[in-house]
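Heads up: the structure comes next, in structure tokens.
The values are calculated or read from the model by the stated rules, or taken from the named source; none is laboratory data. Values in this document were obtained by computation on a predicted structure and should not be read as measured data. Backbone-built Cβ (ideal geometry, glycine too); neighbour counts: all protein chains shown.
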Amino acid sequence: MPGTSTGPTGTGTKGFNQDTAGVAGAAEPNDRFGGAAAFVDGDKDGRAELAVGAPGEDEGAGALWFFPATTAGTTVTGSSAINNATLGTVAVKAALGASFGR
Ligand SMILES: [Ca+2]
Ligand SMILES: [Ca+2]
């Protein structure tokens with residue numbers, strides 16, 4: 001949802017899920033994609049990338065997706081995903097992406 005000088009606007013709102021072209025994975029029951037989400041300027045370029053968790057992915061192992069930020073906003077192009085296999089963590093009911101600490 002874009003922001004304006006007077007606040008957020010629905011015009012130009014984008015939505016992503018695992019069935020969006022260019023997004024890794026497939027939408028399945030109980031994925032809980034979007035169970036946690038945060039905008040973080042991880043590369044400190046002044047634009048916030050979107051991090052999305054799906055704690056129910058792979059029967060509760062969980063996974064994370066990252067969407068780049070451009071001057072036109074968040075984009076699927078160049079998005080990536082990580083899961084327990086990527087991180088070398090436990091897989092069973094780890095619920096990776098259930099929340100993002102503050
Ligand atoms: Ca899935
Ligand atoms: Ca950035």
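Okay, residues lined up against (1) farther than 21 Å from F100 by Cα; (2) of a type in the set (S, T, N, Q); (3) more than 12 Å from ligand 1 (Cβ to nearest atom):
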{"position": "K14", "(1), (2), (3)": "yes, no, yes"}
{"position": "A27", "(1), (2), (3)": "yes, no, no"}
{"position": "R32", "(1), (2), (3)": "no, no, no"}
{"position": "P55", "(1), (2), (3)": "no, no, no"}
{"position": "L64", "(1), (2), (3)": "no, no, yes"}
{"position": "A69", "(1), (2), (3)": "no, no, yes"}
Review point. Does the stretch 88-102 contain any residue that is modelled with pLDDT of 95 or more and away from ligand 1 (no atom under 16 Å from the Cβ)?
Key: no
Review point. Quick one: which of G42, G22, G35, G53 is farther than 20 Å from L87 by Cα and either under 11 Å from the mean Cα position of the chain (by Cα) or loosely packed, with under 14 Cβ neighbours inside 10 Å (or both)?
Key: G22
Check your understanding: Filtering the stretch 43-65 down to residues that are in a strand (DSSP E or B) and within 16 Å of ligand 2 (Cβ to nearest atom), which residue is farthest from V92 (Cα to Cα)?
Key -> E49
